[in-house]
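Written below as structure tokens is the structure these notes are about.
The values are calculated or read from the model by the stated rules, or taken from the named source; none is laboratory data. None of these values were measured; they are calculated from a predicted model. Cβ placement follows ideal geometry from the backbone for every residue including glycine, while neighbour counts extend to all protein chains displayed. Areas reflect the complete protein model, heavy atoms only, side chains present, ligands, DNA and RNA absent. Shrake-Rupley method; radii C 1.70, N 1.55, O 1.52, S 1.80 Å.
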Amino acid sequence: MATKPNKSRNMSVYSNLAHKRKTKKDAEARKKAEYLASLPKHPVKRTLYRLHPKRFWGYWFSKKGAIMALKVLGVAALLAVLSVGALFAYFRKDLDTIRPGELAKRVQTTVTKYVDRNGKLLWEDKGDGDYKLVVDGKDINTYMKQATVAIEDKDFYKHGGISVSGLIRSFVNNSSGGSTQGGSTLTQQLVKQVFFADEAQKRGLDGVPRKVKEMILAIEVERMYNKDQILDLYLNESPYGGRRNGVESGAQTYFGKSSKNLTLPEAALLAGIPNQPGLYDPYNIAGHEALIVRQHKVLDGMVELGYITQDESDQAKKYPILDHIKPASDQYKDIKAPHFVQMVRSQLEEELGKATVGRGGLTVKTTLDIRIQNRLEESMKDMFKSYVPAYAGFTNGAATVEDTQTGQIVAMMGSRDFNYKGFGQDNAATAYIQPGSTIKPLVYAQLFSNQGQGKANYGSGSILADDNSMSSIYGAPLRNADGGYRGNINLRKSLALSRNVPAVKAMYISGVDPTLNTIRELGDTNYCTQGADAQAGLSSAIGGCGTRQVDHVNAFASLGRMGVYKPVSTVLEVKNSQGEVIKKYKDESKQVVDPQVAYILSDILSDDNARAGLYGPHFYGLYIPGVKTATKTGTSDKGGQPKDIWTMSYSPALTMGVWLGNPDTRVLTNGNSSLPAKIVGEVMEYAHKEVYAKEKKWDSANGGSWYTMPTGIQKIGGELYPSWYNKNQGKTNAKLTFDKVSRKKATKCTPDAAKIEVDVVKFKDPVTKKDIYISPDGYDANKSDDKHKCDDVQPSVGTITVTGNKIDVSVVKGTFKLKQVEVKVGSTIVATLPASSSGTYSTTYEFKDGSSTVSATVTDIAYYTANNSITHDETVSSTPSNNSNAVSWNNARRWWR
């Protein structure tokens, strides 16, 4: 009886609970229904009603909202854990290659070999001595480890592979416009160097997958290795400038010691390099200031972390560390064509990445031909052993030889000697130097191009007067090198004789910008683009801007390719350590100027007669026996004194440029742009005859291969004009009176007997709009008679006497020597007697009975004349005529006036 009430009460409790739950559910359902009934019927309005801030936040801060938030966060956390786990599982397979045994194989990169185009070894890039990249942690100096942690990852011993604070700090700093900072830990950097070196250049969205992989693998690496192992791996893997990977390589290269023997200032310097190994490379002179700033920052960080004292830091900063860097030349023992090889390496670092080149193991087949290179070095050495440098005042030189048809450099010297103290390692072939008059053929390339409808066109026979008419337009006195002007000479002579005024006129006519664009498109890609050079204007027509020799040679090679531009090439093929080709020469080209233009320029530049007025005929280097070349010399100046001297030369096979000057831009004492020609002649003659001829790249028959005249070229009066030239443009026929003696235009003082009328062609100068006359050979329409003066003393005829059959004539010379005395009896010329000075001249005549008029006319070399006459009677003594000298003296008085 006692248990029944209990069961009844239990049932009642359960019943009550169930009833309450049901009642609560019903109440909630009613409340929800009432809430839904209160909402707008339209779906959009209903959504906006719910999103009202008061109702939105009221929900999420309610008990119900909090429960919902916990559910969402729980699901998100679960998905995150599952995603991270999946990513870890996916990338876990990559970790096998980072184990110590595998890593040792990875960093055992052998030397990079540079060979010439025929496989001849130029250089084995292996550093100095033992090129050991991997060392045990005990063989790395403690300063080096501390310095690396201080500059790369101050929280290295605190984080587990990823530094959240570092990422936040980097994000805030970069977003606020501060100096760019990376958020990667030292461990992440190690992962990037080992696994993602080829992807390191990716930025933005492209770099996100790599960054995620870095973080995941960094966490796993931290789990697998302790901090000391990770730090040792980092120090063995990091780049330390050039191809020096690993701190041991850097220590031996820069300081000639093992990394375990590094001093504090040495360790601090090395620790700063991996951040930007190209900039901080101790052999990069331009980066020295930044490198020292970086070293000081490392030392400050070491003080901050308590690794060293402030006094130790100050002492290390005072140490002249750069003075103790081993010379780079020590690293290039037995290297051939050192400037060229270094240039190739720098280019590969840009194209393939510093990490790829730095790891080594590459085989680089270059475009160089060691045979031509050796001949070039021999000629340059001979030049600097001669008296010429001391006489002319230059101390340095550079030369580049290019295969014309491909744009491939086959020989190059960046200085007189790579090991020459002071500037030997500087590469003048890639430095910006003013080219002087060697820029002029490229200026005329634009002038000879089609100027467009309604505009005049030009050829080698066109005239742009070499006169003093451009100074106001030029903005300064414009002179030629000889200080004079040659008047209306044609463009063949203007270019061959390197006249400045016509070249400036050519640019003025074509336009500065179009001309500079053509120059750049032909190969001088950076001409008039550097600093103040960009404002050079018309001075750029005569070499007023700097350019790189390698570019300038290629621009001339574009003329040698009949107006086709091809980029300069230095590499034929690059293979990695597995023998895979990762870079190969690709032939690219662009037609910049019409072949007719290039042919006309080549014809002018190869015209030995046209340039004979400068150096005489057959000047060696400008003229090469058996090798036809097109050549141009040039001189830049400083304050009116020569500073740089150039000789540029090309054929269908090879193109070459030589510069001689001073590294400190001192002027020359006896500068002459023909001086580099000797080097050009020796190298070009050897390369054509001994290399290219034997390889069938150049035909030595008939003086060597030359260009075929393009269809359309017009030959007018022995000169060449493009097909778009109108031979009648702006020309009219005219007559001019010249002086026979000076062969210049007659003046009022020119005697009638000295005058001659000549047919000429007249047109207007396109710049000055003055009349220009083209006269036959030997006559100069630009100048006036300078032989005759209005106050010249004229000759005279004195007495004429007849004795029997003998006639005596006395004459007196004037200003000029006499030429002849003509004797007449009546209208018959009895004799023409040669005469030179005053005196009596005699002849004989068989007189007949009766009276006769005997006359004499004297003429001097200036065509002045005078005459006299008498009446002779065979039976009566002769008496002078009353008007004997009337004609002569009237004539004299007329010219005197």
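Applying a threshold of 6 Å to beta carbon distances and a minimum spacing of six or more residues, or different chains, the list of pairs starting in the range 151-174 at a residue that is assigned by the TED database to the domain that holds Ala267 and ending at one that is of a type in the set (Ser, Thr, Tyr) and at pLDDT below 90 reads Asp155/Ser163; Gly161/Thr187; Asn174/Thr180.
So that you can scan it fast, the table gives a plain yes or no per residue for (1) touching a residue at least 40 places away in the same chain (Cβ under 8 Å); (2) within 20 Å of Thr857 (Cβ to Cβ):
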residue: Ala734; (1), (2): no, no
residue: Thr747; (1), (2): yes, no
residue: Thr750; (1), (2): no, yes
residue: Thr768; (1), (2): yes, no
residue: His788; (1), (2): yes, yes
residue: Asp808; (1), (2): no, yes
residue: Leu818; (1), (2): yes, yes
residue: Thr840; (1), (2): no, yes
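When Glu573, Glu580 are screened for being more than 28 Å from Leu516 (Cα to Cα), open to solvent by less than 60 Å² (accessible area, probe 1.4 Å) and out of contact with any helix residue (DSSP H, G or I) (no Cβ under 8 Å at 6 or more places or on another chain), only Glu573 passes.
Could you please find all residues in the range 623-637 being assigned to a strand (DSSP E or B) and open to solvent by 20 Å² or more (accessible area, probe 1.4 Å)?
Answer for the range 623-637, where residues must be assigned to a strand (DSSP E or B) and open to solvent by 20 Å² or more (accessible area, probe 1.4 Å): Tyr623, Thr635, Asp637.
Could you list, in sequence order, all residues of the range 346-364 that are surrounded by fewer than 21 Cβ atoms within 10 Å (Cβ to Cβ) and under 24 Å from the mean Cα position of the chain (by Cα)? If the condition is that a residue be surrounded by fewer than 21 Cβ atoms within 10 Å (Cβ to Cβ) and under 24 Å from the mean Cα position of the chain (by Cα), then Ser346, Gln347, Glu349, Glu350, Glu351, Leu352, Gly353 are the ones that fit.
Residues are listed down the side, and each one gets a yes or a no for (1) at pLDDT below 80; (2) open to solvent by 60 Å² or more (accessible area, probe 1.4 Å):
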{"position": "Leu87", "(1), (2)": "yes, yes"}
{"position": "Leu95", "(1), (2)": "yes, no"}
{"position": "Asp155", "(1), (2)": "no, no"}
{"position": "Gly177", "(1), (2)": "yes, yes"}
{"position": "Ser184", "(1), (2)": "no, no"}
{"position": "Phe195", "(1), (2)": "yes, no"}
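Applying the condition of being small (Gly, Ala, Ser) and outside any strand (DSSP E or B) to the range 649-681 and asking which residue is modelled with the lowest pLDDT yields Gly671. Of note, Leu497 satisfies the criterion of being among the hydrophobic types (A, V, I, L, M, F, W, C) and surrounded by fewer than 23 Cβ atoms within 10 Å (Cβ to Cβ). The residue of the range 590-622 that is farthest from Leu516 (Cα to Cα), among those that are surrounded by fewer than 20 Cβ atoms within 10 Å (Cβ to Cβ) and touching a Pro at 6+ places or on another chain (Cβ under 9 Å), is His618.
Would you say Tyr225 is touching a helix residue (DSSP H, G or I) at 6+ places or on another chain (Cβ under 8 Å), at pLDDT 85 or above and open to solvent by 70 Å² or more (accessible area, probe 1.4 Å)? Taking the combined requirement at face value, the residue does not satisfy it. Only one entry of Ala456, Ala445 meets the criterion of being aliphatic (A, V, I, L, M), touching a residue at least 40 places away in the same chain (Cβ under 8 Å), in the same structural domain as Ile645 (by the TED database) and surrounded by fewer than 24 Cβ atoms within 10 Å (Cβ to Cβ), and that entry is Ala456. Do we find that Thr525 is surrounded by fewer than 23 Cβ atoms within 10 Å (Cβ to Cβ) and at pLDDT 95 or above in this structure? Taking the combined requirement at face value, the residue satisfies it.
Checking the structure you have, find out if any residue of the range 519-526 is touching a residue at least 24 places away in the same chain (Cβ under 8 Å) and among the basic types (Lys, Arg).
Within the range 519-526, none of the residues are touching a residue at least 24 places away in the same chain (Cβ under 8 Å) and among the basic types (Lys, Arg).
Within the range 710-730, being on the phi < 0 side of the Ramachandran plot and either in contact with a Ser or Thr (Cβ under 6 Å, 6 or more places away or on another chain) or open to solvent by less than 80 Å² (accessible area, probe 1.4 Å) (or both) holds for Pro710, Ile713, Gln714, Ile716, Glu719, Leu720, Tyr721, Pro722, Ser723, Trp724, Tyr725, Gln729.
Answer yes or no as to whether Ser471 is crowded, with 19+ Cβ neighbours inside 10 Å and hydroxyl-bearing (Ser, Thr, Tyr). When the stated conditions are applied, Ser471 does not pass them.
Quick grid of which residues meet (1) of a type in the set (Val, Ile, Thr); (2) within 27 Å of Thr843 (Cα to Cα):
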{"position": "Asp771", "(1), (2)": "no, no"}
{"position": "Asp786", "(1), (2)": "no, no"}
{"position": "Gln794", "(1), (2)": "no, yes"}
{"position": "Val821", "(1), (2)": "yes, yes"}
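How many of the residues making up the range 685-727 are in contact with a strand residue (DSSP E or B) (Cβ under 6 Å, 6 or more places away or on another chain) and within 17 Å of Gly626 (Cβ to Cβ)? Total meeting the criteria: 4.
Among the residues that make up the range 430-450, is at least one of them of a type outside the set (Val, Ile, Thr), under 26 Å from the mean Cα position of the chain (by Cα) and over 25 Å from Gly546 (Cα atoms)?
For the range 430-450, residues of a type outside the set (Val, Ile, Thr), under 26 Å from the mean Cα position of the chain (by Cα) and over 25 Å from Gly546 (Cα atoms): present.
Selection over the range 245-277 of residues that are farther than 16 Å from Arg359 by Cβ and assigned to a helix (DSSP H, G or I) gives a count of 15.
Residues that are out of contact with any Asp or Glu (no Cβ under 9 Å at 6 or more places or on another chain), over 24 Å from Cys790 (Cβ atoms) and modelled with pLDDT of 85 or more occur in the range 849-867; there is at least one. So, of the residues in the range 534-563 that are modelled with pLDDT of 95 or more and over 17 Å from the mean Cα position of the chain (by Cα), which turns out to be farthest from Glu349 (Cα to Cα)? Checked the range 534-563; the qualifying residue farthest from Glu349 (Cα to Cα) is Met562.
Any residue that is buried (at least 24 other Cβ atoms within 10 Å of the Cβ) and modelled with pLDDT under 90 - is there at least one of those in the range 257-274? No. Residue count for the range 349-382 under the criterion of being under 30 Å from Met656 (Cα atoms), of a type in the set (Gly, Ala, Ser) and modelled with pLDDT under 95: the result is 0. Restricting attention to the range 391-419, the residues being open to solvent by 10 Å² or more (accessible area, probe 1.4 Å), within 15 Å of Gln342 (Cβ to Cβ) and in contact with a strand residue (DSSP E or B) (Cβ under 9 Å, 6 or more places away or on another chain) number 1. With respect to the conditions (1) part of a helix (DSSP H, G or I); (2) touching a helix residue (DSSP H, G or I) at 6+ places or on another chain (Cβ under 9 Å); (3) open to solvent by less than 10 Å² (accessible area, probe 1.4 Å), Leu368 lacks only one, and its number is (1).
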